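**Student:** Following this message is one structure expressed as structure tokens.
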Amino acid sequence: METALPIAHAWAGRRPRLHHQECGVGMQVVTLLGRPETALQALRMPVPQGEGGTFMQGHMVAKLLSFKRLYERWPQFMLVLLGENGEPIARGLSVPFASQLPGRELYPSHGWGKVAVWAAEDALDDARTDTVCALEIMVHPEHRGKGLSGMVLQAMRENAKQLGYSRLIAPVRPSIKSDEPSTPMEEFVNRVRSDGLPVDPWLRVHARAGGKITGIAECSQTVQGSLEQWRHWTGLPFHEDGETVVPGGLVPVLVSVRQDIATYTEPNVWVLHSI
Ligand SMILES: CC(C)(COP(=O)(O)OP(=O)(O)OC[C@H]1O[C@@H](n2cnc3c(N)ncnc32)[C@H](O)[C@@H]1OP(=O)(O)O)[C@@H](O)C(=O)NCCC(=O)NCCS
């Protein structure tokens, strides 16, 4: 049975709300409002073996905005694409925040992490929010490569619009940047194909959906840990000072053997979707 969940105060008065969008044969996007079962299934979406990025489990801000908290606080901003049999095949998570409060800005250099903290502050303070920020789009491994990510992004834009917002911003993690961890992000994002679209496939999805690159968030996601933790997360030795390339890392990790610490500071790409 579906149970209605509490609505976040900051946007409780905004209407109309999206409950589902039809998207293709047998598929629909729904919000998680009143759908605890779907939320549980969407949370359990598997990560393919060897995908890399397992070190992200040490991302402290991401722990603050866990899936459970996101879903309990902002169910209307949590989208799930359901397949023909009603099973979740992709999810798209976003949060509202107030970009115009003193000390805030629309595209902070601390990207994903900064907006996540602001969204949490705004929820605690019941602040009036003006911008939606994408946190994640994930497609079930068995359904990748079928163009579903663009569908979820479109639904996220539409959802933000229906909730009364005029912009969605996204700290985008270019999906093939990890093939070139030493290339500066600025150089990487400027690479375009002959049709003018970004070389990176994930940036291309955003560009096709109408997104505009507005800058680089140099320190968007940070993971710090002891060398023992890093060995556990990656299986690598971490016995030398300096830069170490890790699977799934968009940039190398900086290692200090004397301090017994390694730090990963990931740059993301700010993309604006005016809606
Ligand atoms: C990134 C992700 C969301 C893409 O979803 P998807 O539905 O498989 O992607 P699509 O089928 O819509 O393809 C999008 C583009 O990427 C390309 N692409 C897909 N898989 C690719 C691959 N393995 N290597 C290179 N390009 C690829 C497609 O050709 C397409 O580009 P095009 O239309 O210009 O040809 C999905 O791989 C995923 O869930 N990854 C893990 C989570 C993640 O990294 N999310 C993004 C950051 S939040």
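The values are calculated or read from the model by the stated rules, or taken from the named source; none is laboratory data. Since the model is a prediction, treat every value here as computed from it, not as a measurement. For neighbour counting, all protein chains shown are included, and Cβ atoms are generated from backbone atoms with ideal geometry for every residue, glycine included. With ligands, DNA and RNA removed, areas are computed over all heavy atoms of the protein, side chains included. Shrake-Rupley method; radii C 1.70, N 1.55, O 1.52, S 1.80 Å.
**Student:** Out of curiosity, is Gln224 part of a helix (DSSP H, G or I), of a type in the set (S, T, N, Q), open to solvent by 60 Å² or more (accessible area, probe 1.4 Å) and at negative phi?
**Tutor:** Spelling it out, it is not the case that Gln224 is part of a helix (DSSP H, G or I), of a type in the set (S, T, N, Q), open to solvent by 60 Å² or more (accessible area, probe 1.4 Å) and at negative phi.
**Student:** For region 233-268, which positions are in a loop (DSSP other than H, G, I, E, B), out of contact with any Lys or Arg (no Cβ under 6 Å at 6 or more places or on another chain) and in contact (Cβ under 8 Å) with a residue 60 or more places away in the chain?
**Tutor:** Result: Val245, Val246, Pro247, Gly248, Gly249, Val251, Pro252.
**Student:** Based on this model, can you work out whether Ala170 counts as touching a residue at least 24 places away in the same chain (Cβ under 8 Å), of a type in the set (Gly, Ala, Ser) and part of a strand (DSSP E or B)? Lay out the reasoning, then the answer.
**Tutor:** On the way: touching a residue at least 24 places away in the same chain (Cβ under 8 Å): yes; of a type in the set (Gly, Ala, Ser): yes; part of a strand (DSSP E or B): yes.
Yes, satisfied.
**Student:** I need a count of the residues in region 121-139 that are open to solvent by 20 Å² or more (accessible area, probe 1.4 Å) and away from the ligand (no atom under 16 Å from the Cβ).
**Tutor:** Count: 6.
**Student:** Related question: Every residue in region 45-60 that is open to solvent by 40 Å² or more (accessible area, probe 1.4 Å) and at pLDDT 90 or above, please.
**Tutor:** Passing the criteria: Thr54, Met56, Gln57, Met60.
**Student:** I've got another one for you. What is the residue count in region 187-212 for residues that are under 19 Å from Pro171 (Cβ atoms) and open to solvent by 80 Å² or more (accessible area, probe 1.4 Å)?
**Tutor:** So the answer is 4.
**Student:** Suppose we keep only residues that are in contact with a helix residue (DSSP H, G or I) (Cβ under 9 Å, 6 or more places away or on another chain) and among the acidic types (Asp, Glu) within region 178-216. Which one would you say is nearest to the ligand (Cβ to nearest atom)?
**Tutor:** If we take residues in region 178-216 being in contact with a helix residue (DSSP H, G or I) (Cβ under 9 Å, 6 or more places away or on another chain) and among the acidic types (Asp, Glu), then Asp200 is nearest to the ligand (Cβ to nearest atom).
**Student:** Still on this structure, I have one more. Count, please, the residues in region 96-116 that happen to be open to solvent by 60 Å² or more (accessible area, probe 1.4 Å) and farther than 13 Å from Arg167 by Cβ.
**Tutor:** 6
Residue-wise test of (1) over 21 Å from Met27 (Cα atoms); (2) away from the ligand (no atom under 16 Å from the Cβ); (3) crowded, with 18+ Cβ neighbours inside 10 Å.
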position: Pro141; (1), (2), (3): no, no, no
position: Ala155; (1), (2), (3): no, no, yes
position: Leu163; (1), (2), (3): yes, yes, yes
position: Arg173; (1), (2), (3): yes, no, yes
position: Ile176; (1), (2), (3): yes, no, no
